[in-house]
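For reference, the structure is listed below as structure tokens.
Bear in mind that the values in this text are calculations on the coordinates, not laboratory data. Note that this is a predicted model, so its numbers are computed, not measured. So basically every Cβ, Gly included, is an ideal-geometry build from the backbone, and we count neighbours across all protein chains shown.
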């Protein structure tokens with residue numbers, strides 16, 4: 001019987017590709033289900049043979065620890081060199097869009113709070 005190996009909701013494409021490649025390298029029999037059009041069902045990687053689950057789970061756990069360590073190292077290096085993206089750098093990259101977002105939030109807040117203010 002098939003066993004869910006990895007939910008792909010919120011998983012970056014590069015990580016999903018690395019997991020697929022890892023499974024192929026270790027000759028794991030798996031298949032994928034795509035997410036539906038409206039995002040109600042998840043895309044997932046499924047293991048065909050449930051007997052392989054423990055072995056494959058250990059592989060994925062090792063991979064995820066290595067990926068997390070690699071991400072921490074890259075983040076620390078970016079902080080050390082000053083290339084880590086900050087809120088200000090993101091704002092300055094596209095200030096018009098960010099100002100429009102702030103205006104949109106203010107308008108939504110105004111219309112959300114206005115009915116309560118008229119009660120007073």
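Convex hull of alpha carbon positions in segment 3-84: directionally averaged projected area 6.5 nm². Sorting 114, 3 by the number of Cβ atoms found within 10 Å of their own Cβ, with the fewest placed first, yields 114, 3.
Going by neighbour counts of Cβ atoms within 10 Å, the residues 38, 46 line up, fewest first, as 38, 46.
Take the Cβ atoms of residue 80 and residue 58, set R0 to 30 Å, and the FRET efficiency comes out at 0.35.
Roughly how tilted is helix 95-118, in degrees to the nearest 10 and between 0 and 90, from the longest Cα axis of the chain? For helix 95-118, the angle is close to 70 degrees. The relative contact order of segment 3-84, computed from alpha carbon pairs under 8 Å that lie at least 6 residues apart in sequence, is 31 percent. Sorting 6, 42 by the number of Cβ atoms found within 10 Å of their own Cβ, with the fewest placed first, yields 42, 6.
Computed extension length for residue 119-residue 96: 4.7 nm, one decimal, from 0.36 nm per residue of separation with the Cα-Cα distance subtracted.
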